[in-house]
1. So which residues in segment 86-107 are farther than 18 Å from Phe52 by Cβ, in contact (Cβ under 8 Å) with a residue 24 or more places away in the chain and not charged (D, E, K, R)?
2. State which residue is nearest to Ile11 (Cα to Cα) when the search covers only segment 68-80 and only residues that are touching a residue at least 40 places away in the same chain (Cβ under 8 Å) and open to solvent by less than 60 Å² (accessible area, probe 1.4 Å).
3. Every residue in segment 96-123 that is touching a strand residue (DSSP E or B) at 6+ places or on another chain (Cβ under 9 Å), among the acidic types (Asp, Glu) and open to solvent by 60 Å² or more (accessible area, probe 1.4 Å), please.
4. Counting just the residues of segment 58-67 that are part of a helix (DSSP H, G or I) and open to solvent by 10 Å² or more (accessible area, probe 1.4 Å), which one comes out nearest to Pro2 (Cα to Cα)?
5. In this structure, does Arg133 turn out to be out of contact with any Pro (no Cβ under 9 Å at 6 or more places or on another chain), basic (Lys, Arg) and in contact (Cβ under 8 Å) with a residue 12 or more places away in the chain?
6. Can you tell me which residues in segment 1-57 are in a strand (DSSP E or B), closer than 19 Å to Val139 by Cα and open to solvent by 70 Å² or more (accessible area, probe 1.4 Å)?
7. Run down Tyr149, Tyr126 and say which single residue is open to solvent by 50 Å² or more (accessible area, probe 1.4 Å) and in a strand (DSSP E or B).
8. Do the conditions hold for Phe86, that is, is it of a type outside the set (Asp, Glu), part of a helix (DSSP H, G or I) and open to solvent by less than 20 Å² (accessible area, probe 1.4 Å)?
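The values are calculated or read from the model by the stated rules, or taken from the named source; none is laboratory data. Everything numeric in this text was worked out from a predicted model, so none of it was measured. Here the Cβ is made from the backbone with ideal geometry for all residues, glycine too, and neighbour counts use every protein chain on show. With ligands, DNA and RNA removed, areas are computed over all heavy atoms of the protein, side chains included. Shrake-Rupley method; radii C 1.70, N 1.55, O 1.52, S 1.80 Å.
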Amino acid sequence: MPYRICKTIEIESGHMLSKHPEKCRFPHGHTRTVEFVLESDTLDDRQMVCDFKVIKETMDSFLDQYDHAMCVNTDDPMFATFKEAFGERVIAFEKIDPTTEVIAKTIFDHFQARLNECAEDSTRLYPVRPNVRVVKVRVWETVSSWSEYQA
């Protein structure tokens, strides 16, 4: 049975779902909690899967782009207007609605790539062993609704 750790980070972000038949097609926001779950079959020499600081260090700047930003499908008729008005606070999702499911996969993919980079860097203060795996990323949209992506 592997060891697992979980770190959560909270962000405020919005989206609009152009394909939605009702209210969600309009701009709206959520207090999102993002859970990062890692596992390893063994512990490192500090008796950890890896330090929680690794998750924070690797994901803070990436998640900061979502904080107080609006995720919008590039096919949405309002995309250009939003992008012109709000610039970097509008995150483009190329021809796809930024549902919580899509956002969870986007975050997972970035986290997996960053963790792989960390495992290759033996000079890190907080090392990551190659056998540390990303199990899943879960994104809570509300206190009662979440989506997750796992490999």
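1. Our first condition is that a residue be farther than 18 Å from Phe52 by Cβ; within segment 86-107, this holds for 86-106.
This time we only want the ones that are in contact (Cβ under 8 Å) with a residue 24 or more places away in the chain, so: 91, 97-101, 103-105.
The answer is Ile91, Pro98, Thr99, Thr100, Ile103, Ala104.
2. Per the stated criteria, the residue is Ala69.
3. Of everything in segment 96-123, those that are touching a strand residue (DSSP E or B) at 6+ places or on another chain (Cβ under 9 Å), among the acidic types (Asp, Glu) and open to solvent by 60 Å² or more (accessible area, probe 1.4 Å) turn out to be Glu101, Asp109.
4. First, pick out the residues of segment 58-67 that are part of a helix (DSSP H, G or I): 58-64.
Now narrow it down to the ones that are open to solvent by 10 Å² or more (accessible area, probe 1.4 Å): 60-62, 64.
On the way: Asp60: 26, Ser61: 29, Phe62: 28, Asp64: 31 Å.
Filtering segment 58-67 for residues that are part of a helix (DSSP H, G or I) and open to solvent by 10 Å² or more (accessible area, probe 1.4 Å), the one nearest to Pro2 (Cα to Cα) comes out as Asp60.
5. Against the criterion (out of contact with any Pro (no Cβ under 9 Å at 6 or more places or on another chain), basic (Lys, Arg) and in contact (Cβ under 8 Å) with a residue 12 or more places away in the chain), Arg133 does not qualify.
6. Once the filter is applied, which keeps residues that are in a strand (DSSP E or B), closer than 19 Å to Val139 by Cα and open to solvent by 70 Å² or more (accessible area, probe 1.4 Å), segment 1-57 yields Arg4, Thr8, Glu10.
7. The unique qualifying residue is Tyr149.
8. On the way: of a type outside the set (Asp, Glu): yes; part of a helix (DSSP H, G or I): yes; open to solvent by less than 20 Å² (accessible area, probe 1.4 Å): no.
Considered against the rule, which asks whether it is of a type outside the set (Asp, Glu), part of a helix (DSSP H, G or I) and open to solvent by less than 20 Å² (accessible area, probe 1.4 Å), Phe86 comes out as no.
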